[in-house]
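Below is one structure; the comments refer to it alone.
The values are calculated or read from the model by the stated rules, or taken from the named source; none is laboratory data. For clarity, every value in this text was computed on a predicted model and none was experimentally measured. Backbone-built Cβ (ideal geometry, glycine too); neighbour counts: all protein chains shown. To get the accessible areas, we keep the full protein, side chains included, count just its heavy atoms, and leave off ligands, DNA and RNA. Shrake-Rupley method; radii C 1.70, N 1.55, O 1.52, S 1.80 Å.
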Amino acid sequence: MIKYLTSKKNSQLLFTIILTTYNSENFINKAIKSIFKQKFKNFQLIIVDDGSTDNTLKIIKNLKIKKKYKFKILNLPHSGSPARSRNVGIKKSRGKYICFLDCDDTFHKNKLDCLYKLIKINNSDVFYHNVYLKHEKKNLYCKIISEKTPFEDLIFNGNKICLSSSCIKKNFLLKKKIKFNEKKNFFSVEDYDFWLQIANNQGRFFLITKILGTINNNEFSISKKRIVHFLNTIFLLKNYEKFFKKKKFKITLRKFRIITSFVKIAIFEKNLNFLFFIFKFLIKLRFIK
């Protein structure tokens, strides 16, 4: 069921912010308020809720949001797929550029204003910025993606973009028919695959070196999620091996780095179950052919 809280037609919208939620009653208030505190006001907010069973929707509806803001909420049946929620948001968006925000993250008040000034002089397809990691109490300084070989750079050096820091040209996505992969094997790596699709279609990336947002999501805090992320990251790399027939060694080396990083996490956290799972996985696949 789709509910529209406020919606006025405006073909000149510059940004659509897609905020995805699921049982987010502890975070959603701060996330939304950070959006409406933006200095730059020419935006539309779409909240896509994946069938929350807590007070998330009640909190959203009780917020006193001024009528001048373009704001809608899409209430979907629960699927457990962030990819589906984002794809629905993209389909319903009216802005020339799309910004994503996860429910437990926030924008700094000058984010859209900074993007607006940059977009006027820069024709990149994807903009992304540095963020503050609240759960680790430190800044994350992202790395520049290679202009000449962005696809290879992302494959061999990993995901360099936090989804909540990204801004994408909508027309590029439509023209290239790019969307988030909703298949089960892409869960938790759907954003990584999204950037790889863009890079493989000659998309241009630009890093904004300012801290323009706060991330408060630790995806490795739950063992089950960590295992899924580990397996799906390996699956993702295997899925793209066909593009690198002459670089099998680099692909294998990349997988090895992923495996060792997860082993370090397991040892650091003294998680013997996860460590045992990794070794069992390696034995079963004979070090992932």
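A compact table of results
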item: LYS175 paired with ASN26, simple spin-label distance in nm, labels 7 Å along Cα-to-beta-carbon; result: 4.3 nm
item: Carbon/sulfur fraction of accessible area - segment 155-204, other protein chains in place, 1.4 Å, %; result: 46 percent
item: Hypothetical label at ASN62: residues of segment 28-42 whose amide nitrogen lies under 20 Å (7 Å Cα-Cβ projection); result: 28-36
item: Rounded accessible area per residue of the chain, 1.4 Å, Å²; result: 54 Å²
item: Nearest-0.05 FRET efficiency for LYS242 and LYS210, computed from C-beta distance (R0 41 Å); result: 0.65
item: Derived scalar couplings ³J(HN,Hα) [segment 37-49; Karplus, 6.51 cos²θ - 1.76 cosθ + 1.60; whole Hz; x for Gly, Pro]; result: 8, 4, 5, 8, 9, 7, 8, 10, 10, 10, 9, 10, 9
item: Exceeding the 29 Å Cα-Cα cut-off - candidates LYS58/LYS143; LYS120/LYS250; LYS138/LYS248; LYS179/LYS225; LYS92/LYS120; result: LYS58/LYS143; LYS120/LYS250; LYS138/LYS248
item: Mean Cβ neighbour count within 10 Å, used as a protection proxy, ranking 31-38, 249-256 highest first; result: 31-38, 249-256
item: Burial ranking of peptide ranges 146-157, 85-96 (average Cβ count within 10 Å, highest at the top); result: 85-96, 146-157
item: Cα-based helix-to-principal-axis angle, 190-200 vs the chain, degrees rounded to 10; result: 90 degrees
item: Whole-Hz couplings from phi, Karplus 6.51/-1.76/1.60, listed for segment 114-128; x for Gly and Pro; result: 5, 4, 4, 5, 6, 4, 5, 10, 10, 9, 5, 8, 10, 10, 8
item: Rh (Kirkwood; distinct C-alpha pairs) - the chain, Å; result: 20.0 Å
item: Relative contact order of segment 133-237, pairs being alpha-carbon contacts under 8 Å that are 6 or more residues apart, as %; result: 39 percent
item: Cross-link pairs beyond the 31 Å C-alpha cut-off, checked among LYS109/LYS183; LYS33/LYS137; LYS33/LYS270; result: LYS109/LYS183; LYS33/LYS270
item: Rounded to whole Hz, the Karplus (6.51, -1.76, 1.60) HN-Hα couplings of segment 167-184, x for glycine and proline; result: 9, 10, 6, 4, 4, 5, 4, 5, 5, 8, 6, 9, 8, 6, 6, 8, 5, 4
item: Residues of type lysines that LYS247 reaches as a straight line, Cα spacing below 22 Å, ignoring anything fewer than 8 places off in the same chain; result: LYS148, LYS160, LYS238, LYS255, LYS289
item: Potential extension, ILE267-ASN201 segment - 0.36 nm per residue separation minus Cα distance; result: 19.9 nm
item: For segment 158-173 and segment 248-274, distance of Cα centres in Å; result: 26 Å
item: Relative contact order (percent, whole number), the chain, Cα cutoff 8 Å, 6+ residue spacing; result: 19 percent
item: Label point distance in nm, PHE279-ASN139, each placed 7 Å from Cα along Cα→Cβ; result: 4.1 nm
item: Separation in nanometres of the label points that stand 7 Å from Cα toward Cβ, at LYS250 and THR53; result: 4.6 nm
